[in-house]
Amino acid sequence: MKKPNEEIEDQLWFEDRLKDAMTQFDAVHAPKVPSLQQFEALVDDHKQEMKKRLWKELLLFWLIACFILGLMLWVLDRNVVWFAILQICIAVGGISFVTMRFRRRKVSTWKS
């Protein structure tokens, strides 16, 4: 353990030799903090971009859903057997997809 005099001497040595260099280093490498207006503008821009992206994704979802619904109704109108086969294939695919995702998540949870 250092004595109080040694700590004071160390502090004085540090101030004599390195304080100017450290102050200069801090001044050069200190991050510039943006103003509050810049942060608010950044947040507003991000919100607007997210809204546009979400509306585009919603529109794409509705278009795909309408296409799939129309296709399924068309298949139902043409042939009931093919409609049933298509529904069974979709159900089996969905169940297998969910099972694989759940199993993968459960295994990764146990590993960590």
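The values are calculated or read from the model by the stated rules, or taken from the named source; none is laboratory data. Since this is a predicted model, take the numbers as computed values, not measurements. Note that we place each Cβ from the backbone using ideal geometry, even for glycine, and neighbour counts take in every protein chain shown. In case anyone asks, the SASA skips ligands and DNA or RNA and just uses the protein heavy atoms, side chains included. Shrake-Rupley method; radii C 1.70, N 1.55, O 1.52, S 1.80 Å.
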- Matching residues, region 20-33, being part of a helix (DSSP H, G or I) and open to solvent by 100 Å² or more (accessible area, probe 1.4 Å): D20, Q24, F25, V28, H29
- Message: Looking at region 59-73, can you tell me whether even one residue there is outside the structural domain of I90 (by TED's automatic domain parsing) and touching a residue at least 12 places away in the same chain (Cβ under 8 Å)?
- Response: yes
- Item | Among the residues listed as L63, L54, L59, L36, the single one being farther than 30 Å from I88 by Cα, open to solvent by 100 Å² or more (accessible area, probe 1.4 Å) and of a type in the set (A, V, I, L, M) | L36
